[in-house]
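The values are calculated or read from the model by the stated rules, or taken from the named source; none is laboratory data. Note that the structure is predicted; figures quoted are calculated from it, not measured. Quick reminder, even Gly has a Cβ in these numbers, built from the backbone with ideal geometry, and neighbours come from all protein chains shown.
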Amino acid sequence: MKCEKYLELISLYIDRDLDQDEVDLVEEHLCLCENCMIFFRTLKKTVALSRVYYRKKYCRVPKNVSERVFYQLRVIYEKEKF
Ligand SMILES: [Zn+2]
């Protein structure tokens, strides 16, 4: 599976929205692939920060925010050709 295919899985992984097989798949790939690990860390940090920010107003990050972040990271990811 190509790195691009992992982008969405990594996003879901952060949201804890994967089944165990997919979790294993992502974790295995993150151990092997530095670029995806960087993507994972960046996304995780961004999601965590926006959660802190939005906690004041909302219980959770609005879905469109995480989607926008994900989209932008994906653009960066493709531009940098990781
Ligand atoms: Zn990768």
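Couple of notes before you dig in:
- Within the stretch 58-75, the set of residues being modelled with pLDDT of 70 or more, among the β-branched types (Val, Ile, Thr) and surrounded by 12 or more Cβ atoms within 10 Å (Cβ to Cβ) comprises Val65, Val69.
- Looking only at residues in the stretch 31-44 that are near the ligand (Cβ under 9 Å from one of its atoms) and surrounded by 18 or more Cβ atoms within 10 Å (Cβ to Cβ), the one that is nearest to Arg68 (Cα to Cα) is Phe39.
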